[in-house]
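Here's the structure we're looking at; comments come further down.
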Amino acid sequence: MPTPRYDAVIIGSGITGGWAAKELTEKGLNTLILEAGRPITPEKDYVEHVPVWELRYRDWDDRKERQATQPIQRECYYACDEFSNKFFVKDSDNPYTSEPGKPFSWIKGRQVGGKSITWGRQSYRWSDLDFEANAKEGIAIDWPIRYADIAPWYDYVEEFAGISGQAEGLPQLPDGKFLPPMEMTCVEQDFRDALFQQPEFHTAGGDEDRQAHRAPVQRCAQPDFRSVVAPRHRSAGNRRPDQKSLGIPGPNRFCLRCDARIHAHPAEFRDAGIS
Ligand SMILES: Cc1cc2nc3c(=O)[nH]c(=O)nc-3n(C[C@H](O)[C@H](O)[C@H](O)COP(=O)(O)OP(=O)(O)OC[C@H]3O[C@@H](n4cnc5c(N)ncnc54)[C@H](O)[C@@H]3O)c2cc1C
């Protein structure tokens with residue numbers, strides 16, 4: 001058998017490698033991905049909808065075990081838990097050092113898909129506050145790119161991925177190419193309104209859209225400040241249509257555990273003729 005030849009070899013199948021493979025194969029290159037981690041079997045491995053009563057510790061986790069084997073990964077406390085710790089490496093098997101006084105939490109997912117399996121789907125653009133922060137603070141080297149260099153590529157990815165969001169006109173959080181925003185829950189609306197009443201928040205600018213949404217903007221914008229509740233930029237999957245376009249009645253719904261769109265009851269899909 002002839003040795004296969006490839007035009008491109010990609011190391012790692014995370015979002016970076018996966019996207020590179022998408023681009024290269026679309027352009028006709030024979031592409032190989034090498035992945036160090038295990039394969040994922042979605043039917044068996046995905047856990048976001050496993051009910052807590054099916055877990056041994058009912059979501060309280062075996063904390064002694066977690067602390068012993070994954071003390072760094074566990075810093076991602078909301079994700080490296082009883083459900084999902086299998087998607088994080090064992091620190092005990094992956095030791096590393098960092099310079100004194102310069103701690104570094106190296107969160108690693110070693111499986112096909114890398115950390116795309118665990119990411120939270122928050123899809124924010126960085127602004128120049130982010131691109132310039134390390135240079136201003138004298139950490140490492142000045143990055144050779146700024147927001148203007150990467151903005152068209154944000155457009156490109158967002159249009160493919162389908163990012164639901166609300167334009168806010170915030171300088172620290174550039175707007176993107178958004179699908180319609182997800183509705184806020186009544187608790188979120190209440191929280192936003194309560195925040196808006198606080199004297200340290202105000203509505204910046206005269207932009208009508210922002211006024212309409214009463215977006216709270218912190219007066220003292222810190223370099224990595226993200227607006228507290230207003231922007232809701234999330235991946236909605238690869239341009240998945242919303243319920244209305246599927247003919248499913250009622251407002252769009254989101255799963256409380258994973259926030260994914262269109263967790264309609266199977267009967268609603270059936271009634272809408274979707275299998
Ligand atoms: C819990 C969690 C939540 C997150 N939420 C968000 C979010 O909401 N929004 C956001 O923007 N970002 C989020 N992130 C960050 C985001 O997930 C990562 O920045 C992104 O997934 C990194 O992608 P990557 O392809 O660069 O690297 P990785 O996903 O780490 O992929 C690297 C891949 O390379 C493989 N690999 C490593 N070494 C080798 C080797 N020698 N040979 C072969 N393969 C190798 C690994 O197994 C892995 O599959 C989150 C991260 C975590 C952990």
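The values are calculated or read from the model by the stated rules, or taken from the named source; none is laboratory data. Predicted model, so just to flag it, every value in this text is computed and none were measured. Heads up, the Cβs are rebuilt from the backbone with ideal geometry, glycines too, and the neighbour counts pull from every protein chain shown.
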Next item on the list: Please specify each residue of region 95-123 satisfying the condition of being part of a loop (DSSP other than H, G, I, E, B) and among the hydroxyl-bearing types (Ser, Thr, Tyr).
Entry: Tyr96, Thr97, Ser98, Ser105, Thr118, Ser123
Notebook entry, point to check: On the given criteria, is Asp142 surrounded by fewer than 16 Cβ atoms within 10 Å (Cβ to Cβ), under 29 Å from Lys22 (Cβ atoms), over 15 Å from the mean Cα position of the chain (by Cα) and away from the ligand (no atom under 16 Å from the Cβ)?
Noted result: no
Check: Among the residues of region 162-178, is there at least one that is part of a helix (DSSP H, G or I) and away from the ligand (no atom under 14 Å from the Cβ)?
Finding: no
Check: In region 29-76, what count of residues is obtained for those that are farther than 14 Å from Gln111 by Cβ, part of a loop (DSSP other than H, G, I, E, B) and either outside the structural domain of Gln111 (by TED's automatic domain parsing) or within 10 Å of the ligand (Cβ to nearest atom) (or both)?
Finding: 3
Check: Restricted to region 124-144, and to residues that are touching a helix residue (DSSP H, G or I) at 6+ places or on another chain (Cβ under 7 Å) and part of a loop (DSSP other than H, G, I, E, B), which residue is nearest to Thr41 (Cα to Cα)?
Finding: Arg125
Check: Restricting attention to region 82-94, does a residue exist that is of a type in the set (Ser, Thr, Tyr), part of a loop (DSSP other than H, G, I, E, B) and more than 28 Å from Met182 (Cβ to Cβ)?
Finding: no
Checklist line | region 87-122: number of residues that are within 9 Å of the ligand (Cβ to nearest atom) and either in contact with a helix residue (DSSP H, G or I) (Cβ under 7 Å, 6 or more places away or on another chain) or within 19 Å of Arg38 (Cβ to Cβ) (or both) | finding: 16
Notebook entry, point to check: Among Arg125, Arg74, which is the only one that is of a type in the set (D, E, K, R) and touching a residue at least 40 places away in the same chain (Cβ under 8 Å)?
Noted result: Arg125
